[in-house]
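Asks: Let me begin by handing over the structure; questions about it come next.
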Amino acid sequence: MSQAVDEIKIGGIGASRKRVEDNRFIRGKGNYTDDIVLPGMLHMEILRSPLAHARIKSIDASKAWDIPGVHLVLTGEMMATRNLAWMPTLSYDTQAVLATDKVRFQGQEVACVIADDPYIAKDACEAIVVDYEPLPVIVNPTQAVADDAPVIRDDKENQPDNVIYDWEVGDREGTDRAFAAADLVSKLELHYPRSHPSPIECCGSIADFNRATSKLTVYMTTQAPHIIRAAVAMVAELPEHMIRIISPDIGGGFGNKVPVYPGYVCSILASILLERPVKWIEDKSGNLISTGFARDIYLKGEVALRRDGKILAVRMHTDADHGAFFSDAQPSKFKIGLMHSAFAAYDIPVAHLTARGTYSNKAPGGVAYRCSFRVTEAMFFQERMIQAAADDLGIDQAAFRRMNFVAHDAFPHRTPFGFLTDSGQYAKCLDVGLAAIDYENFRREQAEAHSRGRLLGLGISTMTEPLGAGNSREYDILGIKMFDSAELKVHLTGKAIVRTGARTQGQGHETTWAQIVAHELGIPAEDVVVEEGDTDTAPFGMGTYASRSTPVAGAAVAMVSRKIRAKARKLAAHLLEVSEEDIEWELGRFYVRSAPDRGVTIQECAIAAYANMPDGMEPGLDATAYYDPPNLTWPFAVYIVTVEVDPETGVWDVLKMVAVDDCGVRINPMIVEGQIMGGLTEAYAMSNMQFITFDADGNCVGANYMDYLLPTAWETPGFELHSEVVTPCPHHPIGAKGIGECAAVGGPAAFVNAVMDALSGTGVRNIDMPLLPDRVWEAITYRRDVSGAPPVRSDD
Ligand code: CDP
């Protein structure tokens with residue numbers, strides 16, 4: 001007699017199943033792009049500009065061509081003859097593949113050499129002589145909009161200045177009226193410094209064009225293989241069905257591996273010209289100096305307040321420095337990403353946001369580094385403004401947040417910028433966090449310590465992130481709607497393979513997608529293999545970034561499993577010789593309603609799909625589902641940090657950090673905790689140690705791991721994680737919300753708020769990140785704000 005299976009035992013939803021992909025990773029058996037060696041493969045290196053802004057007077061590559069082992073030298077001029085000197089970006093801009101007229105940032109790609117090995121190619125790059133005529137340099141938005149600013153993008157028609165967009169959202173007049181009626185207006189100016197996702201593996205590609213078949217295969221470090229295939233088809237004018245993008249194991253992406261980089265395009269062209277595979281692997285400084293920067297945005301924020309603590313309105317103006325090309329991806333309707341998701345958790349009647357994006361002589365920036373399109377910046381600004389507003393009113397930080405939260409029974413809720421949030425228990429999360437940090441006691445201890453000259457501080461940050469872009473009505477990239485897909489094949493013996501259009505880069509999809517199938521079908525997770533990243537086999541999808549995998553591709557996995565279950569039900573009816581209406585389902589098994597002992601397993605149905613199907617039924621048990629989510633998912637979190645600041649040195653130590661994350665139903669609680677730990681570690685690094693900045697000449701300062709610090713277990717404090725609040729997503733098929741980025745999004749403000757809280761009473765209103773000891777010391781000693789990016793104050 002068949003029986004229902006135990007969901008946890010088969011590794012279904014809720015099981016803390018060990019990550020199956022780690023079997024190969026911890027054995028050093030991962031297969032990364034650089035591990036791939038093809039017969040006859042050549043190697044490509046890129047010559048980068050030493051200057052941030054300069055006219056190219058001439059490029060002499062003759063000496064490079066003469067070096068034995070060199071097969072090809074590509075310059076902008078040669079690319080231009082094939083209409084490939086420029087390429088379209090994912091944000092309707094253009095980007096130089098190899099510079100022709102000018103270089104526009106330090107590190108920009110100027111030429112490429114393809115040689116027998118990477119060392120020859122590197123030497124040959126150094127033999128290329130470029131004659132530059134330096135031009136005035138712009139390194140921030142203030143300089144970009146100055147009257148006498150040189151126009152960086154003089155290659156573009158109709159681009160008289162350095163402004164990329166002026167965008168607004170919200171209700172300007174209504175906000176003005178609310179401000180006029182306010183008892184108090186709290187103001188804050190902030191800079192979220194430029195940061196870099198810095199995955200351990202840099203970007204790279206191996207292009208392999210086969211003249212005999214006309215097929216182009218590209219192995220590459222991409223988070224979105226199908227989008228890249230479409231981009232290659234358009235840029236290189238190759239038929240899409242003759243392009244195969246394979247994204248092998250990826251050593252971390254964090255948004256760095258979403259854009260299309262010149263190195264990809266050059267390796268493809270080189271392979272087509274040479275008819276040999278061409279490998280390009282970016283080195284660390286190339287990665288840190290030229291690819292995928294994030295943030296670099298200034299805020300002027302104002303909160304209109306009623307004396308009793310009610311927030312009446314919010315006004316925000318942001319200036320985003322995009323670097324020389326507007327090349328980061330975001331839904332095309334929203335120029336500044338989802339910045340306007342700010343204040344979604346607060347019940348605020350009206351708000352207005354203006355956003356201006358400008359060019360500068362810096363590498364392209366603004367990628368969604370572990371966030372859903374600028375949400376990290378939005379939440380940082382929000383929680384810093386909330387803290388300042390509560391302080392200005394003299395109201396307790398926790399009480400102020402609680403009184404302004406959207407109540408748990410007030411959903412669906414329309415945010416002041418127009419999003420529809422659908423679920424959450426914000427006050428409950430806060431209460432769990434406050435109890436965990438022992439709030440009242442800490443406040444007493446803090447006051448007592450203060451009287452003895454010790455600086456203790458407590459910072460609260462909350463975040464709600466719009467995850468799962470998107471619904472296709474509103475979200476598209478270059479016009480392609482943002483849905484996702486899954487294909488499930490159940491083999492004759494009941495084993496299965498599931499493929500999605502997402503691409504894991506360390507998040508554990510190979511583990512969790514199998515758990516969703518186990519939950520829906522009762523097939524043990526270990527019997528389900530997950531495959532992603534090959535455009536010849538995976539169904540079309542928009543890729544993995546913005547924590548959209550679980551909300552969209554994960555939902556597609558559930559939906560395709562349900563399609564399979566629907567067909568299996570027909571097979572069960574046939575096997576049990578009853579009508580389909582008489583069949584019931586329990587995990588892993590169909591049975592006859594009137595005789596529950598009579599049942600068949602999902603595996604028995606699988607065999608029947610190939611060996612004993614009813615007359616007229618199409619054989620086989622496989623299906624594909626495309627999932628267009630009705631809404632974003634809205635996870636919520638509260639992060640609370642306590643710190644002690646040393647007034648003599650400015651060094652601050654974390655005493656305790658608690659995290660309360662509500663991401664709805666957790667598919668794999670252990671993986672979710674891992675995602676939160678990783679995100680908090682990155683948040684901690686952003687708040688106190690990472691900076692990448694530019695001097696007045698546009699030299700990139702900090703483009704190495706001596707200056708740009710990656711946190712290790714040594715520096716990183718312990719985190720206490722809480723999972724007791726679970727608000728299932730009302731529209732996701734299994735009630736899950738995204739989690740991958742939440743802690744990186746919400747964490748930074750908690751650390752900064754804690755240090756600022758420790759400094760309360762000193763008159764210091766803000767220290768911009770990173771809160772390096774010298775900056776904190778400067779603020780304490782001189783009782784002044786410390787703004788801009790260290791150590792070179794190009795903002796001054
Ligand atoms: O898009 P990305 O994979 O970066 O982010 P995500 O969808 O938030 O998922 C990150 C990892 O956490 C995946 O392995 C998910 O399946 C897992 N997860 C989970 O177990 N439960 C959730 N409610 C959300 C994510």
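The values are calculated or read from the model by the stated rules, or taken from the named source; none is laboratory data. Because the structure is a prediction, the values reported are computed rather than measured. For neighbour counting, all protein chains shown are included, and Cβ atoms are generated from backbone atoms with ideal geometry for every residue, glycine included. When the accessible area is computed, the model is the full protein with side chains, heavy atoms only, and any ligands, DNA or RNA have been set aside. Shrake-Rupley method; radii C 1.70, N 1.55, O 1.52, S 1.80 Å.
Asks: Given (1) small (Gly, Ala, Ser); (2) buried (at least 22 other Cβ atoms within 10 Å of the Cβ); (3) at pLDDT 95 or above, where does Ser290 come up short, assuming only one miss?
Replies: All conditions are met except number (3).
Asks: Can you pull out the residues in the range 510-534 that are open to solvent by 10 Å² or more (accessible area, probe 1.4 Å), in contact with a strand residue (DSSP E or B) (Cβ under 9 Å, 6 or more places away or on another chain) and of a type outside the set (Val, Ile, Thr)?
Replies: Within the range 510-534, Glu510, Asp527, Glu531, Glu532, Asp534 meet the criteria.
Asks: Looking at the range 586-600, can you tell me whether even one residue there is closer than 22 Å to Arg17 by Cα and among the polar types (S, T, N, Q)?
Replies: No - not one qualifying residue is present in the range 586-600.
Asks: When the residues of the range 727-740 are filtered to those that are near the ligand (Cβ under 8 Å from one of its atoms) and open to solvent by 10 Å² or more (accessible area, probe 1.4 Å), which remaining residue is farthest from Val665 (Cα to Cα)?
Replies: Gly740
Asks: Another question, if that's okay. Among the residues in the range 546-553, are any of a type in the set (Val, Ile, Thr), touching a residue at least 12 places away in the same chain (Cβ under 8 Å), surrounded by fewer than 24 Cβ atoms within 10 Å (Cβ to Cβ) and out of contact with any Cys (no Cβ under 6 Å at 6 or more places or on another chain)?
Replies: no
Asks: In addition: Which one of the conditions (1) at positive phi; (2) away from the ligand (no atom under 14 Å from the Cβ) does Tyr705 fail to meet, given that it meets all the rest?
Replies: That leaves (1) as the condition not met.
Asks: Moving on to the next point. Only residues that are aliphatic (A, V, I, L, M) and away from the ligand (no atom under 15 Å from the Cβ): list them for the range 660-683, please.
Replies: Ala683
Asks: I'm checking my understanding of the structure. Among residues of the range 569-588 that are in contact (Cβ under 8 Å) with a residue 60 or more places away in the chain and open to solvent by 10 Å² or more (accessible area, probe 1.4 Å), which one is farthest from Ala518 (Cα to Cα)?
Replies: Going through the range 569-588, the residues in contact (Cβ under 8 Å) with a residue 60 or more places away in the chain turn out to be 586-588.
So of that shortlist, the ones also open to solvent by 10 Å² or more (accessible area, probe 1.4 Å) come out as 586-587.
Numbers: Glu586: 12, Leu587: 9 Å.
Out of the qualifying residues, it is Glu586.
Asks: To continue, here is another question. Looking only at the range 507-527, which residues are part of a loop (DSSP other than H, G, I, E, B) and within 10 Å of the ligand (Cβ to nearest atom)?
Replies: Gln507, Gly508 - these are the residues of the range 507-527 that are part of a loop (DSSP other than H, G, I, E, B) and within 10 Å of the ligand (Cβ to nearest atom).
Asks: Of the numbered conditions (1) open to solvent by 10 Å² or more (accessible area, probe 1.4 Å); (2) touching a residue at least 12 places away in the same chain (Cβ under 8 Å); (3) in a helix (DSSP H, G or I), Cys605 fails exactly one; give the number of that condition.
Replies: Tallying (1) open to solvent by 10 Å² or more (accessible area, probe 1.4 Å); (2) touching a residue at least 12 places away in the same chain (Cβ under 8 Å); (3) in a helix (DSSP H, G or I), Cys605 fails exactly one: (1).
Asks: Let me ask something additional. What is the residue count in the range 205-258 for residues that are on the phi > 0 side of the Ramachandran plot and surrounded by 20 or more Cβ atoms within 10 Å (Cβ to Cβ)? First the steps, then the outcome.
Replies: We begin by selecting, within the range 205-258, every residue on the phi > 0 side of the Ramachandran plot; these are 214, 237, 252, 254-255.
Filter once more, keeping what is surrounded by 20 or more Cβ atoms within 10 Å (Cβ to Cβ): 254-255.
Adding up the residues that qualify gives 2.
Asks: Same structure, new question: Can you tell me which residue among Pro635, Pro629 is under 30 Å from Arg569 (Cα atoms), open to solvent by less than 10 Å² (accessible area, probe 1.4 Å), within 15 Å of the ligand (Cβ to nearest atom) and in contact with a helix residue (DSSP H, G or I) (Cβ under 8 Å, 6 or more places away or on another chain)?
Replies: Pro629
Asks: Please specify each residue of the range 286-322 satisfying the condition of being touching a residue at least 12 places away in the same chain (Cβ under 8 Å) and among the acidic types (Asp, Glu).
Replies: Those that are touching a residue at least 12 places away in the same chain (Cβ under 8 Å) and among the acidic types (Asp, Glu): Asp296, Glu302, Asp319, Asp321.
Asks: To continue, here is another question. Got a number for residues in the range 450-478 being open to solvent by less than 50 Å² (accessible area, probe 1.4 Å), away from the ligand (no atom under 16 Å from the Cβ) and either at positive phi or without any contact (Cβ under 8 Å) to a residue 24 or more places away in the chain (or both)?
Replies: Summing the residues that are open to solvent by less than 50 Å² (accessible area, probe 1.4 Å), away from the ligand (no atom under 16 Å from the Cβ) and either at positive phi or without any contact (Cβ under 8 Å) to a residue 24 or more places away in the chain (or both) in the range 450-478 gives 1.
Asks: Among the residues of the range 488-501, is any closer than 25 Å to Arg370 by Cα, within 16 Å of the ligand (Cβ to nearest atom) and touching a Leu at 6+ places or on another chain (Cβ under 9 Å)?
Replies: Yes: one or more hits.
Asks: While we're looking at this one, here's another question. Looking at (1) over 33 Å from the mean Cα position of the chain (by Cα); (2) part of a strand (DSSP E or B); (3) hydrophobic (A, V, I, L, M, F, W, C), find the lone condition where Ala182 falls short.
Replies: Evaluating Ala182 over (1) over 33 Å from the mean Cα position of the chain (by Cα); (2) part of a strand (DSSP E or B); (3) hydrophobic (A, V, I, L, M, F, W, C) leaves (2) as the failure.
Asks: Still on this structure, please answer the following. Only one residue in Gly418, Gly424, Gly433 is open to solvent by less than 10 Å² (accessible area, probe 1.4 Å) and part of a loop (DSSP other than H, G, I, E, B), so which one is that?
Replies: Residue meeting the stated conditions: Gly424.
Asks: Then there's this: Would you mention how many residues in the range 94-152 are of a type in the set (Asp, Glu) and crowded, with 22+ Cβ neighbours inside 10 Å?
Replies: Result for the range 94-152: 1.
Asks: Here are some residues: Thr493, Thr535. Which one is hydroxyl-bearing (Ser, Thr, Tyr), over 26 Å from Gly664 (Cα atoms) and touching a Pro at 6+ places or on another chain (Cβ under 9 Å)?
Replies: Going through Thr493, Thr535 in turn, just one is hydroxyl-bearing (Ser, Thr, Tyr), over 26 Å from Gly664 (Cα atoms) and touching a Pro at 6+ places or on another chain (Cβ under 9 Å): Thr535.
Asks: Kindly evaluate Thr358 against the criterion of being of a type in the set (S, T, N, Q) and either crowded, with 24+ Cβ neighbours inside 10 Å or within 24 Å of Ile739 (Cβ to Cβ) (or both).
Replies: yes
Asks: Among helices (runs of 4 or more DSSP H) lying entirely in the range 195-299, which contain 1 or more residues that are farther than 24 Å from Pro539 by Cα, out of contact with any His (no Cβ under 6 Å at 6 or more places or on another chain) and among the hydrophobic types (A, V, I, L, M, F, W, C)?
Replies: Numbers: elements: 225-235, 262-274, 284-290.
It comes to 262-274, 284-290.
Asks: Select, from Gly738, Gly698, the only residue that is in a loop (DSSP other than H, G, I, E, B) and at positive phi.
Replies: Going through Gly738, Gly698 in turn, just one is in a loop (DSSP other than H, G, I, E, B) and at positive phi: Gly698.
Asks: Residues being open to solvent by less than 10 Å² (accessible area, probe 1.4 Å) and either within 16 Å of the ligand (Cβ to nearest atom) or part of a loop (DSSP other than H, G, I, E, B) (or both): count how many of those fall in the range 742-770.
Replies: Residues in the range 742-770 being open to solvent by less than 10 Å² (accessible area, probe 1.4 Å) and either within 16 Å of the ligand (Cβ to nearest atom) or part of a loop (DSSP other than H, G, I, E, B) (or both): 11 in total.
Asks: Say whether the condition of being assigned to a helix (DSSP H, G or I) and among the β-branched types (Val, Ile, Thr) is met by at least one residue in the range 330-345. Spell out how you get there, then give the answer.
Replies: Keep residues of the range 330-345 that are assigned to a helix (DSSP H, G or I), which gives 339-341.
Filter again for among the β-branched types (Val, Ile, Thr), leaving none.
Checked the range 330-345: no residue is assigned to a helix (DSSP H, G or I) and among the β-branched types (Val, Ile, Thr).
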